[in-house]
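Working notes, structure below.
The values are calculated or read from the model by the stated rules, or taken from the named source; none is laboratory data. Every value quoted in this text rests on a predicted model; they were computed, and no experiment measured them. Heads up, the Cβs are rebuilt from the backbone with ideal geometry, glycines too, and the neighbour counts pull from every protein chain shown.
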Ligand SMILES: [Zn+2]
């Protein structure tokens, strides 16, 4: 797994949150998010919107 300095595409974040990403991509995404405040705030606002979250 390689750490990524590239921010996650917004289209990928719902996949990550619903665990629809391949494990290696999810791990890379999570390690990026751990270091990236910008991605965390995007994710938090997506969760707040919760358009995709309703039927979880
Ligand atoms: Zn980022």
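A quick yes/no check of all residues on (1) away from the ligand (no atom under 14 Å from the Cβ); (2) over 9 Å from the mean Cα position of the chain (by Cα); (3) part of a helix (DSSP H, G or I):
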| site | (1), (2), (3) |
| --- | --- |
| 9 | no, no, no |
| 16 | no, no, yes |
| 31 | no, yes, yes |
| 39 | no, no, yes |
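Are any residues in segment 41-56 at pLDDT below 85 and either within 11 Å of the chain's Cα centre (by Cα) or surrounded by 11 or more Cβ atoms within 10 Å (Cβ to Cβ) (or both), and if so, which ones?
52, 53 - these are the residues of segment 41-56 that are at pLDDT below 85 and either within 11 Å of the chain's Cα centre (by Cα) or surrounded by 11 or more Cβ atoms within 10 Å (Cβ to Cβ) (or both).
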